[in-house]
Structure formats: structure tokens, C-alpha cells
Amino acid sequence: MSSTKMRRKVLPAATENGDTGDKQDQLLLSATICNGEDLGPFIRKAFVSGKPEILLRHLEQFRRYKESEIEDVCRAHYQDFIMAVDDLRSLLSDVDTLKSSLYDSNAKLQSVAVPLLTSLDSIATLLILSWPEQKSIGAK
């Protein structure tokens, strides 16, 4: 299966002062950049015609447009980002509380379990020591 890359089509629009050629070049340049295509032909054309300033102006306009888009997206998602950070801070606070509670529970468990383990060890020792006596009583 071959996947094809969707390309954005930009149609030239006529301007009021009849400067469709310059506007069309700008739109084609924008479409080429957006599609990730080679800019070589545009650069070659600009230097052959002796007007690289026009290409630089178009590139600067495109850069400003993209910066504006980026700022708009950042503004749109800023509040969501702040809310996510607040949620994470709240979650960290909850985790710290849970961790503290877990340490306290573990300390209580240890304080209760140590005497029980000591008693269990004593019983096990007594059973091991009394095993030969029980064996000899059963053999009689």
C-alpha cells in the first residue's frame, strides 16, 4: 500500500490593483513551503530576474503569518496548560499525603508484627527442640 501525502491547494486570488502575478507568486510560495516542497525554483527565479528582495519580502510575510498562527494556538491552549499544571500539583499533594499515610501504616504494622514474629520464633524453636522427645515417646 502506498500512502499519498495530502497537499494543500492554494488558489490565486485577484487583487484590486491588478497585481495578480506578485500575489500568485506569494501564494505559490506559501503552498510550496506548507507542502514541504523544494524552494529552489523560486530562489532561482528571484535571482535570475534580479529581484531577490521580493522573495525575501514574501518569505518574511510568510514567517510573520506563521508566527501569528503559533501565537494564536499558544493563546488558545494556555489556559488548558495552566489547568493541567494545577491538576498535577494537586495530584503531587495527594501523592505526598498517601505516601505519608503509607509510612504511618507500615510503622504501625511493624510495631505489631515484631512481637508476633518473636513469639512465632519462640514457638518454632520449642517445636524443633521438642521434636526428638515426641519422636521417642511415639516410638515407645
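What follows draws every value from the coordinates through simple rules; no lab data is involved. The structure displayed is predicted, hence computed values, not measured ones. Don't worry about glycine lacking a Cβ; one is built from the backbone with ideal geometry, like all the others, and counts go over all protein chains shown.
Please identify the trypsin sites (Lys or Arg not before Pro) of segment 41-118 that satisfy two criteria: DSSP loop assignment and at most 14 other Cβ atoms within 10 Å. Which are they?
Sparse-neighbourhood loop trypsin sites (Lys or Arg not before Pro): none present.
Using the alpha-carbon centroid of each, what span in Å lies between segment 33-69 and segment 89-135?
Segment 33-69 and segment 89-135 have Cα centres separated by 73 Å.
Using 0.36 nm per residue, how much length does the chain from N106 to I43 gain when fully extended, once their Cα-Cα distance is taken away?
Computed gain between N106 and I43 is 15.6 nm.
Find which of A46, L91, S105 sits farthest along the positive direction of the dipole of segment 41-107, computed with +1 on the beta-carbon of Lys and Arg, -1 on that of Asp and Glu, about the Cα centre.
Projecting each Cα onto the dipole axis, the largest value belongs to A46.
Rounded to whole Hz and in sequence order, give me ³J(HN,Hα) for segment 76-85 from the Karplus expression 6.51 cos²θ - 1.76 cosθ + 1.60, θ = phi - 60°, writing x for Gly and Pro.
5, 9, 4, 5, 4, 5, 4, 5, 5, 5
Taking 7 Å along the Cα-to-C-beta vector as the label spot, tell me the S119-I70 distance in nanometres, rounded to one decimal.
Rounded to a tenth, the inter-label distance reads 7.0 nm.
Would you mind computing, in nm to one decimal, how far apart the modelled labels at L98 and I54 are, each placed 7 Å from Cα along Cα→Cβ?
In this crude label model, L98 to I54 measures out at 6.4 nm.
What net charge is computed for the residues neighbouring L59, neighbours being all others with C-beta under 11 Å from the C-beta of L59, Lys and Arg scored +1, Asp and Glu -1?
With Lys, Arg at +1 and Asp, Glu at -1, the net is +2.
For q = 0.13 Å⁻¹, what log10 I(q)/I(0) does segment 38-139 give under the Debye formula with an equal point scatterer on each alpha carbon and no solvent?
Results for segment 38-139 at q = 0.13 Å⁻¹ read -0.82.
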